[in-house]
Structure formats: C-alpha cells, structure tokens
Amino acid sequence: MTEHNSEKIAHIHEDLHSHLPSEPALRVKALESLLIEKKMVDPAAIDAWVEAYSEEIGPKRGAQLIARAWTDPAFRELLLTDAPKAVAEFGFEGWATGHTVVLENTATTHNLVVCTLCSCYPITLLGVPPNWYKTAAYRSRAVREPRSVLAEFGVTLSPDIEVRVWDSTSEMRYMVMPERPAGTESWSADQLAAIVTRNAMIGTQRDLPLAVKEPA
Amino acid sequence: MTEHNSEKIAHIHEDLHSHLPSEPALRVKALESLLIEKKMVDPAAIDAWVEAYSEEIGPKRGAQLIARAWTDPAFRELLLTDAPKAVAEFGFEGWATGHTVVLENTATTHNLVVCTLCSCYPITLLGVPPNWYKTAAYRSRAVREPRSVLAEFGVTLSPDIEVRVWDSTSEMRYMVMPERPAGTESWSADQLAAIVTRNAMIGTQRDLPLAVKEPA
Amino acid sequence: MDGIHDLGGKEGFGKVDVNEPEEAFHAEWEARMLGIVRSMTRPDDWSLDWFRHCREMMDPSDYLTRPYYDQWMQTYSSMMVNSGVASVEEIATGRSKTAPDPAADPINAQDVAKSMNVVGTYDRPYEKAPAYAIGDRVRTARHGHKGHTRLPAYARDCIGTIHCYRGAHILPDTSSAKSEELAQPLYTVVFEAKELWGEDSPDGDRIYIDLWESYLEKP
Amino acid sequence: MDGIHDLGGKEGFGKVDVNEPEEAFHAEWEARMLGIVRSMTRPDDWSLDWFRHCREMMDPSDYLTRPYYDQWMQTYSSMMVNSGVASVEEIATGRSKTAPDPAADPINAQDVAKSMNVVGTYDRPYEKAPAYAIGDRVRTARHGHKGHTRLPAYARDCIGTIHCYRGAHILPDTSSAKSEELAQPLYTVVFEAKELWGEDSPDGDRIYIDLWESYLEKP
C-alpha cells in the first residue's frame with residue numbers, strides 16, 4: 001500500500017540525491033541491474049521497447065494520419081472529429097491515444113502544443129518528444145510569447161494569423177494538422193507523409209518544404 | 001553610459017558562466033586582481049571593509065539600540081517612531097539606515113522580517129545577513145507559512161499570537177524589537193544588550209534566555 | 001503546489017535549442033530508462049498523477065538541471081523507496097538485499113508488442129450532467145493547494161470560455177493523493193492572451209487549457 | 001519580470017538550515033567579495049535597482065545553486081562587461097588588457113571609516129500629495145512587466161490596506177531601466193494572510209509589503 005506523503009517523498013529525493021552514482025548513465029545502469037535481480041523487469045522487454053521507440057513508434061505515424069486526411073475527405077472529417085477512431089484505423093492505438101485531438105491549421109490560424117506542467121505529448125503518434133519540448137525555456141515561453149518561440153524555429157507569423165496555444169494539462173493529447181502545401185495536388189499519400197515533420201505536428205513548423213521530396 | 005538592456009545582460013551571464021574559473025574563490029581572486037590592476041580598487045580598502053564587517057558592524061549594534069530602548073522610555077519612543085534619529089544618537093549611521101523601521105513584539109504579536117525578491121536586510125545595524133536569510137527556503141516560506149518556519153527555529157507560537165511578516169521590497173529596513181524578558185528589571189543596558197540576539201532582531205527567535213548572562 | 005514545475009509564463013529561461021539532433025535518444029541510458037519504465041512491474045496503486053507529483057517534489061535545482069530521463073530515474077526510485085519496493089542503498093548499488101518475489105512475472109519481450117497497443121483511457125463513468133455548457137464564461141480558482149493539481153498558476157483567477165467538454169476524467173488532485181479515481185467533468189477552456197498576460201499581448205491570440213470542473217466557478 | 005528571484009510563496013524548497021555557524025563569513029572569498037563591492041569605483045549610472053535586475057537575469061539554475069556572494073561576483077562582472085569597464089576574458093584571467101585610467105583614484109583604507117557612515121537615502125522630493133491615505137483599501141496590479149519591479153507575484157491582484165506612507169522613493173521600475181530617478185509615493189500595505197494564500201491561513205496573520213503608488217489602484 002503506497003502512502004501518498006509528499007514530505008516523505010521530498011526526504012527520499014534528498015537521500016537519493018546524496019547516495020546515487022554521480023552520472024545518469026551509472027544511475028540507470030544500477031537501477032536496471034537491481035530490477036533484473038528483483039525479477040521486476042526482463043531486460044529483453046526493455047530491449048523490445050527501446051527498439052519500438054527507435055523504429056516503429058515515431059513521427060512517421062502522425063505523418064501517415066495527416067497525409068491520409070489530406071487525400072481522403074472522409075478520413076479528414078474523422079481525424080478532426082474523432083481522432084481515436086482514425087488512429088485505430090491505422091492500428092496505432094497505444095498509450096493515451098484514446099484521448100487524441102487533432103488541431104487544424106488554416107490560412108488564418110496556427111496551433112502550437114505545449115505542456116507547461118510536465119511534458120505531456122502524443123508519444124504514441126509522434127514518438128518520444130524532442131528534448132526542447134521538455135525544457136524550461138519552451139514550457140515557460142510557449143504560452144506567453146508563442147510568436148517569439150516560433151521565430152526561433154524560423155516561423156514568422158504575420159499579425160493577422162491568430163495563434164492558438166494548447167497547454168496539455170490533462171490526458172488529452174494534441175497534435176497539429178499542418179496545411180497541405182500548394183503544388184502537391186498530384187502527390188500520393190505516401191509522398192505526402194514523407195514531408196510532414198514532427199515539428200509541424202507540434203506546431204513549431206508551419207510551412208512544409210517540398211524541395212527534397214519532389215515526386216518523380 | 002550604461003545601456004540597460006536585459007537581453008544583453010543575459011548573454012553576458014551565459015558568457016561568464018562558460019569562461020570563469022570553476023571555483024567561487026578563484027573567480028573572486030581573479031576579479032580582485034583585475035580591479036587592482038585597473039586601479040579600480042585599493043586592496044587595503046577591501047581589508048578595511050572586511051575588518052569592519054567582521055568586528056564593528058554586527059548585531060551588537062542592533063542589540064545596543066534595543067537595550068537602550070528597554071531602559072529609557074524616551075529613547076524607546078524615538079526608536080519606534082523615528083529610528084534613523086535613534087540610530088544617529090549611537091553614531092551607527094550607514095548604508096540604508098536612513099530608512100530604518102523598528103517593529104515592536106508584544107504579548108499578542110510577533111514580527112518576522114524577510115526579503116522575498118532578493119536579500120534586503122538592515123546590514124548596518126545587524127551586520128551581514130546569515131546565509132539562511134538569503135536562501136530560497138526562507139524567502140519562499142516566510143511569507144506563506146511563517147509559523148512553520150518559526151517552528152524550525154524552535155519558536156512555537158500559540159494561535160492567539162498574531163504573526164506580522166514584513167517583506168522588504170523597498171529600501172525601508174526592518175528590525176524587530178523583542179520583548180524584554182521578565183527577571184531583568186535590575187539589569188543595566190550593557191547586560192541587556194548581551195542577551196539580544198541577531199535572530200531575535202530578524203524575528204526568528206522570540207524569547208531571550210537569561211541563563212548564560214545572569215547579572216553578578 | 002506552487003512548485004518549480006509550474007513553468008508557464010516564467011521568464012529568464014533563455015532561448016529554445018532549435019538545432020537539437022533528430023534522433024529519438026541522445027544517449028543509450030535515456031533509451032534504457034524509458035524501456036525500464038514501460039516494462040517494469042509496479043505496485044497497483046501507482047497512478048500517473050502520483051508519478052507527476054513525485055517528480056514535482058524533487059529539489060528545484062535538480063528539476064532545472066538534471067536531464068529529463070534522469071529525472072524519471074530519480075522519481076521512480078523515490079516511488080520505489082516510498083512503497084517499500086527497494087531501499088536507497090539497493091538503488092545506489094544496483095544489488096538487491098532480498099530474494100525476488102517468487103510470484104514475480106515481469107512482462108517479456110514477446111508481450112511487449114501487445115502491451116504497446118493497449119489504449120490507456122482516463123475518462124470514467126459519471127452520473128451527473130456537466131455544470132457548464134460550451135460558450136459559458138467561467139472564472140478559474142484563485143488559490144491552489146499544497147498537493148498536485150493541474151490548474152497552472154498563470155491561469156488562476158482568470159476569465160475564460162468553455163471551448164468543449166471532454167467527458168468526466170480522473171481528477172489528478174485526488175488520484176495523486178490517494179489510490180482513488182474520482183471522475184469529474186473535464187473541459188477545454190479558452191482564454192484570450194490579453195486576459196492571461198495583459199494588454200500588450202496580440203489581439204486574437206488564445207490559450208486553450210484542459211481544466212476540471214472543481215477548478216472553475218461562475219464568474 | 002516573472003523571474004526565478006520572485007520566490008515568495010513558492011513551494012518545494014525544503015527546510016531552513018537553522019544550525020548555520022554564527023560567523024559573519026563562512027569563507028574568506030565571501031568577505032573579499034563584499035569588500036570589493038563596497039570599495040570599488042564604478043560608473044555613476046549603476047543604480048542599486050540595476051544591480052538587482054542584473055542578478056535576476058542570471059540563469060535560473062545558477063540563481064538557485066550558486067552561493068550568494070558568488071552571485072554578486074557574477075552580477076558585478078556582468079555589469080562591468082555591459083558598461084565596457086572590463087571584458088569577459090579580463091575577468092576570467094584576472095589580467096587587464098588596458099592601462100589603468102590615469103585619473104583612477106579608488107577609495108583608500110583611511111577613507112573607509114568615513115564612507116562607512118554615509119547614510120544612503122532613497123526618498124526624494126515630490127510635489128504632489130500621495131493618492132492614498134492610511135486605512136484606504138487598495139488593489140494591487142494584476143500584471144507585471146518584463147523589467148525589474150518590486151511587486152511580488154504572490155501579492156498581485158490582491159486587496160490590502162494602506163498601513164503607512166513612507167514618503168516618495170525612487171521607483172525601481174525606472175531606476176533599473178534607465179539612469180533616472182523618478183520619485184513616487186511609497187506605502188507599506190498590509191494584507192490578510194487569507195487574502196494572499198486562501199482560507200486555510202490563520203486568522204489575524206498579516207503580511208506587510210512596501211509598494212509604490214503605480215502598483216496600486218482603487219479596488
């Protein structure tokens with residue numbers, strides 16, 4: 001039975017701070033060894049998760065959803081109104097996908113996702129979050145001066161584009177649908193998926209360049 | 001001409017953080033050497049200040065003011081209504097003493113001084129502040145849970161004593177006048193001054209013990 | 001709690017590192033730590049909110065300086081010690097002082113693929129009707145409390161508008177404080193930037209925040 | 001600015017070290033740094049408020065972890081670099097790259113005793129009458145600004161009572177932003193603990209804060 005005592009946790013943090021190995025890599029190594037010895041973890045299962053997050057579970061998933069929506073009006077409607085069902089069509093269910101919400105950028109609105117209180121992120125659809133998403137700089141500034149943050153990412157928004165910042169304070173998971181770039185009318189969904197970036201789905205990129213991935 | 005540019009200062013802080021020697025003692029040593037070489041400081045003047053703050057400028061000054069007020073009703077009135085003038089009578093003028101205010105503890109009130117925004121302190125009357133006064137723990141908690149802070153200092157206040165916390169946000173400098181302990185009716189001002197502690201004049205001590213300094 | 005984690009709107013943290021390498025992990029130990037968290041067995045009464053609160057209780061300077069997955073390491077360690085699953089000494093040395101639980105049966109590599117597709121849901125049945133309707137104006141609470149809560153300090157005592165209703169979700173304030181799931185209506189509330197940050201903010205810019213019903217009142 | 005320095009009411013910083021040694025200085029370099037600050041020559045346009053603001057602009061994790069006089073060291077260094085008095089390289093190496101100013105005439109040891117007794121005053125002549133009288137109820141500003149200010153975040157948008165008038169003092173918000181002394185009425189305002197922290201605070205406990213007139217409005 002867990003005692004939910006904040007003060008006790010604070011003391012344990014102090015204790016750990018003083019006694020754990022000095023390097024993060026050594027600390028994690030010690031923890032893994034301990035959990036294996038206690039049969040609380042199977043190292044092969046850790047390997048499997050690492051592989052999954054390095055390969056399968058990444059921004060390619062989100063990009064596929066977006067590309068399909070751009071090319072299939074019915075799916076677009078589903079993604080914007082009942083994203084969990086759209087996610088299920090691709091078999092991308094997983095951690096917190098049951099509360100996915102997709103936010104549509106338009107010519108006059110730009111969406112930006114942040115979690116000011118911790119680091120909530122649509123991990124199952126975009127993979128592990130970039131480090132900057134979890135920094136104090138991004139978390140503190142995205143809600144207060146989103147336009148300055150966007151400028152650092154190279155996105156200069158004209159004053160008549162309204163910014164909508166989404167602070168992920170609950171288990172709702174927000175993902176941005178960028179605008180489909182002009183000149184891609186003939187592209188296939190696969191071709192389109194290749195140009196949808198992670199940052200565009202967080203909202204720290206707005207325009208998707210076509211240069212690299214022009215269709216044959 | 002100084003340019004008051006916050007962003008520039010932030011960049012300089014980053015630069016200094018990366019380039020200065022790794023230990024505070026080495027950093028200060030380098031700064032002193034530089035200032036001497038630039039003839040911006042005379043090392044003998046530094047010595048003189050260090051000596052002053054180690055000897056002359058300390059809580060003994062505040063204690064003398066309090067002891068005199070306990071034994072001289074007219075001075076007490078002056079100290080509580082025009083502290084700078086009372087300070088001048090003792091020749092204790094100095095840094096920010098022109099805005100000194102003395103706060104009287106009574107049977108039903110207890111005063112506590114803090115500076116939540118930096119570390120303002122009546123340095124000329126109490127000497128350099130203790131380190132705890134400048135810590136995040138004291139600065140954050142003194143205004144919100146003064147009774148818990150006092151308990152850590154061994155002061156348990158009954159609920160019918162009202163706490164008055166003074167947050168030193170301006171150049172006004174606050175000092176507490178503790179209650180004169182019972183049993184000291186026959187003591188001289190010098191004897192009384194010897195039992196007035198620095199913490200009592202900040203407000204983190206309430207009762208002054210007589211044990212050590214009983215009159216002959 | 002008014003902790004260091006409540007970063008929204010705080011100033012002085014500098015620029016965002018926009019040139020970070022694309023790779024998911026920047027060191028092997030980061031990947032191992034995520035793998036550990038996903039696959040380790042744990043007491044039934046550890047909620048996500050309890051984890052978040054335990055992270056918030058970390059020393060504030062550690063919170064600002066330690067790498068993210070290193071903070072996970074220390075937070076899970078604190079939870080293990082608190083629940084009696086391991087001692088500080090065991091975690092520091094990596095050596096167990098007790099025999100493993102004979103019933104121990106951690107998830108194996110074959111089961112990971114299945115486990116990966118489990119959809120965690122945080123909405124729960126709720127008998128009553130939500131108190132607010134879309135378009136209602138609401139005022140957020142003026143004060144927080146000592147425990148875990150999800151009303152950011154920057155949005156306290158502010159006027160917003162109900163943007164939509166998300167169903168009744170587990171209330172973090174109780175789920176972090178006892179092993180209990182209390183369902184409460186969750187809304188996305190929209191605030192004008194000017195309301196949160198003052199008149200210098202651009203017209204039309206808005207902040208959307210998910211807030212539970214008990215964080216709100218009629219204005 | 002909503003910086004890390006604005007610590008009043010923040011939670012998670014632990015206990016106060018009540019067993020600190022009594023000595024004024026805990027290391028020699030601390031004493032040297034204080035001596036340097038008291039005796040060094042400096043540009044005329046460095047105000048106390050500019051110093052405070054430069055300290056606030058330090059990296060937040062440095063602010064929480066570096067010893068106090070070490071923060072002075074870095075803050076004065078940043079001001080020297082900013083004003084062109086020294087370069088980062090000179091400060092790092094302790095060696096000057098330029099000849100001293102021929103007019104340089106720093107305070108000597110004999111003058112310290114005199115200098116010690118100089119009373120700095122921060123009140124200034126003011127033509128107008130103060131806007132508030134003792135006993136008036138006032139509401140503090142709801143929003144701060146990006147610069148240096150002395151209205152703590154915990155006391156924003158709160159109702160208090162004018163406890164006394166302190167005269168017209170130099171306004172920190174301008175004195176930190178340009179080399180200009182603007183006099184403005186300063187009041188000590190008293191707040192019920194319940195107003196600042198909520199209903200759980202004890203009856204009768206009060207917080208007194210010195211606030212300039214422009215931080216206040218009629219409630």
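Any read-out appearing in this document is the output of simple, stated calculations on the displayed coordinates, not a laboratory observation. Given the structure is predicted, the values throughout are model-derived calculations rather than measurements. Glycine gets a Cβ as well: all are built from the backbone with ideal geometry, and neighbour counts include every protein chain shown.
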Exercise for the section: Pop a pseudo-label 7 angstrom from the Cα along the beta-carbon direction at both B:E51 and A:D47 and give the gap in nm to one decimal. Expected result: 7.3 nm
Completion exercise
The cysteines in chain A that find no other cysteine Cβ closer than 4.7 Å to their own Cβ are A:C118
Exercise for the section: Give me the percent of DSSP beta bridges within chain A that run antiparallel, rounded to the nearest 5. Expected result: 10 percent
Exercise for the section: For D:S179, put the label point 7 Å out on the Cα→Cβ axis and report which residues of region B:1-28 keep their amide N under 14 Å from it. Expected result: B:1-5
Handout entry: Efficiency of FRET between D:E89 and A:H17 - r from beta-carbon atoms, R0 25 angstrom, step 0.05
Key = 0.10
Completion exercise
per DSSP, antiparallel bridges as share of beta bridges in region A:103-189, % nearest 5, sits at 10 percent
Handout entry: Lysine pairs with alpha-carbon atoms under 20 Å apart, chain A, spacing 8 or more or separate chains
Key = 4
Fill in the blank from the handout: Log10 I(q)/I(0) at q = 0.13, 0.14 Å⁻¹ for chain C, from Debye over equal alpha-carbon scatterers, is -0.99, -1.11
Problem - Teacher prompt: D:A109 distances to equivalent labels in other copies, 7 Å Cα→Cβ, nm - result: 7.5
Problem - Two-decimal ratio, region D:1-67, of alpha-carbon radius of gyration to 2.2 N^0.38 Å - result: 1.39
Problem - Computed FRET value (nearest 0.05) for D:D17 with C:K218, which takes r as the C-beta separation and R₀ as 35 Å - result: 0.15
Handout entry: FRET efficiency estimate (nearest 0.05) - Cβ-Cβ, D:D45 to A:A182, R0 41 angstrom
Key = 0.15
Problem - Rounded to 5, percent antiparallel among DSSP beta bridges of the protein assembly as shown - result: 60 percent
Completion exercise
Tilt, helix D:28-39 to longest principal axis of chain D (alpha-carbon atoms), in degrees rounded to tens, equals 80 degrees
Practice task
Quote the relative contact order of chain C in percent (integer), defining contacts as alpha-carbon pairs under 8 Å separated by 6+ residues.
Solution key: 20 percent
Practice task
Specify the residue with the greatest mean-square fluctuation among C:V18, C:V118, C:V189, computed from a Gaussian network of chain C linking alpha-carbon atoms under 10 Å apart.
Solution key: C:V18
